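The values are calculated or read from the model by the stated rules, or taken from the named source; none is laboratory data. Note that the structure is predicted; figures quoted are calculated from it, not measured. FYI the Cβ positions are ideal-geometry reconstructions off the backbone, even for glycines, and counts take in every protein chain you see. Calculation scope for accessible area: heavy atoms of the full protein, side chains included, ligands and nucleic acids excluded. Shrake-Rupley method; radii C 1.70, N 1.55, O 1.52, S 1.80 Å.
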Amino acid sequence: MFIILHKIYTHVFFSCSKKEAKKQMVYSYRHGFSGFAAKLTNHQAKQIGELSDVVRVIQNPVYKTRTSRSWDFLGLSKNDPNNLLTKTNQGDGSIIGILDSGIWGDSEAFNDKGLGPIPSRWKAAGSYVNNLEYYGLNMGTVRGGAPNARIAMYKWFELGTFMLEVSSSKPLANKSKGFAFWVELIAPGLPSASYLSYVIGWMDDKGDSYCGGVDILAGIDDAIKDGVDVLSASFGGDLINFAEVDTSGSYSVMGIGSFHAASHGIPFVVAGGNAGPDSYTVTPTSPWIILVAASNEDREIVTPLTLANNNTILVSFLHLLSLLKGKGIFQGKEQAFASLVTFKNITSPEDIKTINVEEVKGKVLMPFLQTEDDIYTSLTTLNTSGVLAFIVATHPLIGINDYNQIIGVPIPFVYVDLEQGNQIFDYFQQCKSSNLDPKIKISRSEVLEGQKVYLKVPKFSSRGPSSLTPDILKPDIAAPGVNILAAIPPNKEGDNGFQLMSGTSMAAPHISGIIGLLKVAHPNWSPAAIKSALVTTAWNEDTYGFEIFSEGAGNKIADPFDFGGGICNPNGAMDPGLIYDMDNNDYLNYLCSLGYSNEKVRNATTYFFDTKNSTTRGIICPSKVPSRLDLNLPSISIPNLENSVTIRRTVTNVGNVNSIYKLVVKPPRNSAIKVSPHVLKFNSKTKKISFEVKIISTHQRKSKFNFGSLAWSDGKHYVRIPIAVRK
């Protein structure tokens, strides 16, 4: 390979000195795949693409970053001797890689005091701070899952510090004074695991974060060499999904890079995105990727808004976007009632400009606004008005922006939904009709727990189905991603180096940490086996006992396009009973099914080669490509059902040797399902059993997706996969 690269250098940079040519090189990829990144003109790129030893030339794509109690909610309390955390010694020996922007290594959350030696199979060679090696972006969440893990990284960045700490959270003293009633969240995670952060995230001239495709590939390549057990990524591309082998689509870099990681036995975890609640917004959707949606947990911060008639409205933390210096938590002394002002004809920033300042000075103002952009303009307009606080009633917002911090306006700001807004408005009207002064007060924030909190997939979490391959059900799994407390650099907005944040970027590291534990418990499980264990044991409407809602239009019950198999159940995943396993041949059949040429598939899957026509490591697609519907995924998605279709699945017994599983099926609406066989009998000789699923349309009218499930139960395990069918 080095000889080939030398020839390419000579051919392209023949007019330059060796020193100048070296300056143009950015990366050399040689562990998971063969290639390099360089600064080239269009003419030079064309020259390289014409060389016989070059598979393809891709322009560097740019991806955007996607930005407690959560571990207890997931059943990983450090006080339970029988859970996955304690049975794996808090992830001791596990190595977790983070593709992100690096971390602040001096955070107390990453103190390695009391940890044992670095695993002997650790191959990284970065520079260490505490227990961390400097390599790469989202490193704040994983540590919550594996307290005994190790970490590696380059540079520091707010989101990266946050993501790793969530994944690796460890018990801490109360360092986060502003979040005193929330700080116990930072435990237990994987405090004994090892972590490597590969810096692939940077900041542009406008202050926006981004990730370069060449950096992503370099991070994946190094991670394969370093021997990580799992890779975690919290970034993504545009809503256009390019096929993994499509050389015209630069975003295929993510798909094919993750393919090589999975081919080396490394589970690849990706945040599903924050473009919800619209359909077709999840990316990327490759079958080997574990795509993570966000959920809340059974704890919620609320701040009471009390009216003078003793009616109290509880506003969640996500809606307290800017209250008291952007922290969203009111912890001061109990405030007295203040006069409330609202206007039925004030519905836009232009209307607010017409308000007489004397009417709102020293009072709480609540208008009804139409859009999120109206909030920015209105706050700016009110900056010098002397208004005491600003309540906005409007349509549901994503709720992950701090408006005051963004525009530098210190007015306490609260968002309420239209139902809450109309309650306040009706109280105002009642007071005016009785010649009373309407009053309102903001009380100290409090925490609701357990059954006082309903579980949901938040509005911001991206939804399925996949726009490219709707027969690959996405997302795969959900994990807590709302109001997650973890470490950030102390020079950033927060409290002593900690902050609450929301997004699928907070959910994905939870899954990465859990996979770190599963790799300790089951070191020989493939990435597909681990995904299967997560999906088939997740909490959902069939297994949790309570409804799980989907926040957005209608606030419906969550379905597989909201959260895949459901909310992650780590202890269930430790002992799933059966798994739906896959290997590289299955992934290669998937790539062949995309309809691209043999050459493109071979090039994308070739690790090393001597000539452009070599097929020693790549593949030639079969003349009859297997259907994607038969991929052995822990889910079924039929996007275009005609009369009927029969698909095949295979399960492997990883539980008791002598087991009998019986079928439990819930057909999607307007469908019937027949399964053969309907009983699975395992013994010492029979460890794998295949079965056929025939899905029959019972109605002729076209429809949107309907959902159901198929499960196998032996009385102890309930191995459930989601089903989506569209007529």
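This table checks each residue for (1) touching a Pro at 6+ places or on another chain (Cβ under 8 Å); (2) of a type in the set (D, E, K, R); (3) exposed (fewer than 15 other Cβ atoms within 10 Å of the Cβ); (4) within 30 Å of residue 602 (Cβ to Cβ).
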| position | (1), (2), (3), (4) |
| --- | --- |
| 636 | yes, no, no, yes |
| 675 | no, no, no, no |
| 679 | no, no, yes, no |
| 698 | no, no, yes, no |
| 726 | yes, yes, no, no |
- When every residue in region 430-476 that is small (Gly, Ala, Ser) and within 29 Å of residue 640 (Cα to Cα) is compared, the one most open to solvent (accessible area, probe 1.4 Å) is 467
- Query: Only one residue in 246, 226 is out of contact with any helix residue (DSSP H, G or I) (no Cβ under 9 Å at 6 or more places or on another chain), modelled with pLDDT under 85 and of a type in the set (Asp, Glu), so which one is that?
  - Reply: 226
- Query: In region 515-536, what residues are small (Gly, Ala, Ser) and assigned to a helix (DSSP H, G or I)?
  - Reply: 516, 521, 528, 529, 532, 533
- Single residue of 578, 631 found to be modelled with pLDDT of 85 or more, under 21 Å from residue 255 (Cβ atoms) and crowded, with 19+ Cβ neighbours inside 10 Å: 631
- Note on the structure: Restricting attention to region 625-651, the residues that are small (Gly, Ala, Ser) and more than 14 Å from residue 695 (Cα to Cα) number exactly 1
- Item | Listing of helices (runs of 4 or more DSSP H) fully contained in region 546-606 that carry 1 or more residues being touching a Ser or Thr at 6+ places or on another chain (Cβ under 7 Å) and closer than 27 Å to residue 509 by Cβ | 560-563, 570-574, 584-593
